[in-house]
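Below is one structure, written out as structure tokens, with a few remarks after it.
FYI, it's all coordinate maths here, none of it is from the lab. Keep in mind the model is a prediction, meaning the values are calculated, not measured. All Cβ positions, glycine included, derive from the backbone under ideal geometry; neighbour counts span all protein chains shown.
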Amino acid sequence: MAQGKPVVTPGELLTSEARNWLHGKGTYVDDGSLLSSLCGEIQMMDRMVRVEAANSRYVGAIGDCVVGRVVAVAAGRWRVDVGSFQDAALLLQNVNLPGGHLRRKTAEDQRQMRELFKEHDVLSAEVQKVSRDGSLSLHTRSTRYGKLSKGTLIQVPAVLIKRLKTHFHAFECGIEALIGVNGLIWLSPARKLAKKGQKRKRDDDNSSSDEEGGNVKDPLAEKVEDQLEEVREPTAMDRMNIARLRACALVLSEEFLEISPATLMDVFSASENQSLSPAEMLQQRHRVCIPSNHRGQAWVYNRQQVAGIVFVVCLRRERASHK
Amino acid sequence: MPVSAAEEQFIEAGVAQNVRIDGRGRLEVRELVVNTGVMDNCYGSARVQLGGTEALCCITAEIGETQCPGQGRLEVYVKSTPGVVRGRDMTSRKLLAAQQSFNSIMAHRLKKILNCADPSEFMLEKTEAPGPAAPDAEESDSDCEPDEKAKPAASELRDTGIDYGSLFIRDNRCWVLSADVTIMRNDGDTLTAASIACRSALLATKLPKVIVHGEITGDDGLEVSGNAADATAVPGVTDFLPICVTLGKLGAHILVDPCYAEEQCPVAIYHVGVRPDLLLSSVLTSLMTGSSHDPARYTRPSDISAILKASVSAAKQLFSAVNSQLEEAEGDVTMKP
């Protein structure tokens, strides 16, 4: 087993006795030996070997919180681009309709789909299921998810984003970042939790409306853990902070380092200490200002030269660790 | 890729508050990085990075036939790498067509900016203002009556840019310069990056000396000297060749050097050709991307002077960036043994 090397390249020999191992993703068998088909890290669990790609498109998993852009409005569903190999599907029945009522699948609803999400709209959703061919099915069945507004979108490589407990992060500067696992990050001014008894304005308007076709109150809509306020209008200070966080994310992505609230905050405070403006942060000559220590762990930035091709690989910690 | 209504609103409100999405002010230009001498197989080359936009220009020269009597010429070709023209849900044929149209539009505009358009074109279409215009002119003559006489018109229009007369050799032979521009990355404002790349490459170009043997006719009588010391710079580039400054009118405000997301909003784009002495040479405009029924978005005559003033201030930033980097590079070269 090519154990000494944590990183392999396509075609590299993993083991010459393929039959003793379970073949995971990223490997293939050739003449009894197991070879890697990707460029990335070897992951071993019991008797299973797989290679995790160093850089690939987003591969979905159930429960992932993603940010996507609507590509098309089809019959009873929206096609959403999440940066994966295929577009994800957001079915009408999986969307929280305003008023929190379960709608029957009437023809009216299908015609009014564009009032919810139009083409090019950016929305946040959760992955409900992953089908066999890898395409994703999304849902926005929570008030946390839905159309995103009053903010800006950044795209970074999906591999840089770790799956954390929550992907909605409010920073001290008053900006909220929705770090989608698929590499799309939405920055907007932070929302505060609404006071008890004060529902969001949108729900209030429609909850009393009575539709034809007999609506049933959706029991799920009533118990919403987080009743958040509407996003406030960004001030000039907000915009500078958003621009600064955006530059942090872009800098981290250009250097191929992990993007998490902690690392973003690191770069954010480093840039403020060096009094760099967001525009200056993106410039090449200021690049040395990235902090090299994160919570005492060394960030190893490693260039490996294999077979004449230079691979830039980021090892997130000294040890090539399990996730 | 087009932006949603929410993102458009955010961008527009940001421009109104003078904080754009990357933290710049309205009249601030992105970082400009210029490297010359990047390609070995041509006379001059330059690679320009304007923020996330990258353009490469290679200048080749050969002795060819004159199209306009007594003058050489500059030909411009543009190509772009995949990813520069982004298409979503497009068939590959459509995407290819979009790329080709992008390339040809860029080449056309670059020719107008660098003032090397074909003289025969001026017979058929409207011309830009001949000669430099003062920066505080109220309105720029971007639409003149077409000039019927080709020869005098061509020579009048040539006082900005390369001195094409000096590229002439004899009879019907002249230097034909080809600028091959490759747009490598597109984060908005590709025309500015391409024009700066062309100018920087031309600044670095040294044309070999042509020795004319009068007694021998035709091409045999022309000898291209292999002596590098005899090579001369292309005249007119340093002082007269303009670069393009791109401005946008988004809502009620003017911004300079738009990035890709800003170009996707309903913004009216203006490309202004500015000479090194900060005089204006041409103004090109594009239609607003996306339709808009709001009359406030469209440009009024009073906006034009603000646009032209902003273009001069942006050009100042760009020229100083280019000059400081080229001087630095030259300094490095002279220090080598």
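Compute the whole-percent fraction of alpha carbon pairs in segment A:50-91 spaced more than 17 Å apart. Roughly 38 percent, once rounded to a whole number.
Using a 10 Å cut-off around each Cβ, can you sort A:Trp78, A:Trp186 from fewest to most neighbouring Cβ atoms?
On the way: A:Trp78 28, A:Trp186 22.
Taking fewest neighbouring Cβ atoms as first place, the list is A:Trp186, A:Trp78.
Close amide H pairs (under 5 Å, H built 1.01 Å from N) link A:Trp78 with A:Leu90, A:Leu91, A:Leu92, residues at least 5 positions away or on another chain.
Applying the Karplus relation 6.51 cos²θ - 1.76 cosθ + 1.60 with θ = phi - 60° to segment B:25-38 yields 3J(HN,Hα) values of x, 4, 9, 9, 9, 6, 5, 10, 10, 10, 10, 9, x, 8 Hz, where x marks Gly and Pro.
Counting other beta carbons within 10 Å of each Cβ, put B:Arg170, B:Arg300 in order, fewest first. Mind showing how you got there, number by number?
Values: B:Arg170 13, B:Arg300 10.
So the ranking, lowest neighbour count to highest, is B:Arg300, B:Arg170.
A cut-off of 5 Å between modelled amide H atoms, ignoring neighbours fewer than 5 places along the same chain, links B:Gly161 with B:Phe240, B:Leu241. Remark: spin-label model distance A:Glu172-B:Asn18 equals 2.8 nm, labels positioned 7 Å along the Cα→Cβ axis. In order along segment B:228-238, phi translates into HN-Hα couplings of 5, 5, 7, 5, 10, 6, 6, x, x, 6, 4 Hz, rounded to whole numbers, per the Karplus curve 6.51 cos²θ - 1.76 cosθ + 1.60 with θ = phi - 60° and x for Gly and Pro. Taking each residue as 0.36 nm, the span from A:Thr235 to A:Arg19 lengthens on full extension beyond its C-alpha to C-alpha distance by 71.5 nm.
For the residue pairs B:Lys79/B:Lys112; B:Lys79/B:Lys316; A:Lys150/A:Lys192, the alpha carbons lie more than 21 Å apart in B:Lys79/B:Lys316.
With the radius of gyration and the Kirkwood radius both derived from the Cα set of segment B:198-281, what is their ratio Rg to Rh? Working shown, then result.
Numbers: Rg = 21.2 Å, Rh = 16.5 Å.
That ratio equals 1.28.
From least to most packed, judged by other beta carbons within 10 angstrom and beginning with the fewest, B:Ile216, B:Ile11 follow the order B:Ile216, B:Ile11. Working from Cα pairs under 8 Å separated by at least six residues, relative contact order for segment A:1-73 is 26 percent. Put a plus charge on the Cβ of each Lys and Arg, a minus charge on the Cβ of each Asp and Glu, and nothing anywhere else: the dipole of segment A:1-85 about its Cα centre is then about 400 debye. Karplus-derived 3J(HN,Hα) values for segment B:168-183, using 6.51 cos²θ - 1.76 cosθ + 1.60 with θ = phi - 60°, are 6, 10, 6, 6, 10, 10, 8, 6, 10, 8, 10, 9, 9, 9, 10, 8 Hz; glycine and proline are entered as x.
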